[in-house]
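A short worksheet on the structure shown next.
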Amino acid sequence: MSSPLQHLIDRNREWATQVERDHPGFFGTLAAQQTPKYLWIGCSDSRVPANQVVGLAPGEVFVHRNIANQVVHSDLNALSVIQFAVDVLKVEHIMVVGHYGCGGVLAVLREKRVGLADNWLRHVYDVKMRHHGRLTHLCQHAQEDTLCEMNVIEQVGNVAQTNIVKDAWARGQPLSVHGWCYGLKDGLVKDLGVTMARQDEVVSVYREAIKRYPRLANPGVPGGADAIDPLDDEA
Ligand code: CO
């Protein structure tokens, strides 16, 4: 009896043959070692494939993906990936890549129950609450795009605050953390301008990035200035 996945096995054979034909010795070289310069931390969403989006071949990008591209401080999986990428592979860039229309972010905004994943998405909910005053005055569509971007900015901050990245910077290892948001509708990546390359710029870069999303002009309006978080910019 043939496998219901036989068509994928067949395609794999064709792909491997094609790659080896175009680049003789490709797999042999790659099997010996990988030397990626990039670590991609993205959403599990099937529409955001890391390698294809940035036109990189196998061996060129180390990848971690989970629902809503989160970096949670107690997540041993994400931390292990970051540690291996930074300490062993010596990647030079870590990009946190969110995407507009992210189902995880939308579920948080619409307070939609998903199941077990609600607990994982609680971290995105925390981002929403932290920046409540910068979201509530927006229309629904703008809230969705904005929270997708804010979630990326928060995760860039989380990456930068790991002891892994702090230690790499302390020993002078070249390493930058970037925040991007990918458009499902046009296939384009937007750089959110939250690149951090040194310990002493983490807070200022974070604050500058968040400040681009204005609060309500009138602090007396519900959801305005009363939602200020100490980590958010008060100045
Ligand atoms: Co997503």
Q.
Criterion first (surrounded by fewer than 21 Cβ atoms within 10 Å (Cβ to Cβ), small (Gly, Ala, Ser) and under 15 Å from Glu92 (Cα atoms)) does Ala197 satisfy it?
A. yes
Q: Quick one: in the stretch 136-149, of everything that is assigned to a helix (DSSP H, G or I) and either without any contact (Cβ under 8 Å) to a residue 12 or more places away in the chain or more than 11 Å from the chain's Cα centre (by Cα) (or both), which residue is nearest to Leu106 (Cα to Cα)?
A: Glu144
Q. Which ones in the stretch 62-107 are free of Cβ contacts under 8 Å to residues at least 60 places away in the same chain, under 25 Å from Phe26 (Cβ atoms) and of a type outside the set (Lys, Arg)?
A. Phe62, Val63, His64, Val81, Phe84, Ala85, Val88, Leu89
Q) Just one of Val202, Val124 is modelled with pLDDT of 95 or more, within 15 Å of the ligand (Cβ to nearest atom) and of a type in the set (Val, Ile, Thr); which is it? A) Val124
Q) Of the residues Val152, Val114, which is without any contact (Cβ under 8 Å) to a residue 12 or more places away in the chain, within 15 Å of the ligand (Cβ to nearest atom) and either within 28 Å of Asn51 (Cβ to Cβ) or in contact with an Asp or Glu (Cβ under 8 Å, 6 or more places away or on another chain) (or both)? A) Val114
Q. Can you tell which of Gly55, Gly104 is closer than 15 Å to Cys148 by Cβ and under 20 Å from the mean Cα position of the chain (by Cα)?
A. Gly104
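Conditions tested, residue by residue: (1) under 30 Å from Val177 (Cβ atoms); (2) out of contact with any Cys (no Cβ under 6 Å at 6 or more places or on another chain); (3) in contact (Cβ under 8 Å) with a residue 12 or more places away in the chain.
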residue: Glu14; (1), (2), (3): no, yes, no
residue: Gly28; (1), (2), (3): no, yes, no
residue: Gln33; (1), (2), (3): yes, yes, no
residue: Pro36; (1), (2), (3): yes, yes, yes
residue: Arg47; (1), (2), (3): yes, yes, yes
residue: Ala57; (1), (2), (3): yes, yes, no
residue: Glu60; (1), (2), (3): yes, yes, yes
Q: Only residues in the stretch 165-189 that are without any contact (Cβ under 8 Å) to a residue 60 or more places away in the chain count as the first member; pair them with residues that are surrounded by fewer than 11 Cβ atoms within 10 Å (Cβ to Cβ) and not in a helix (DSSP H, G or I), Cβ under 8 angstrom, at least 6 apart or cross-chain, and list the lot.
A: none
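The values are calculated or read from the model by the stated rules, or taken from the named source; none is laboratory data. Bear in mind that the values here come from a model prediction, so they are computed numbers and not experimental data. So basically every Cβ, Gly included, is an ideal-geometry build from the backbone, and we count neighbours across all protein chains shown.
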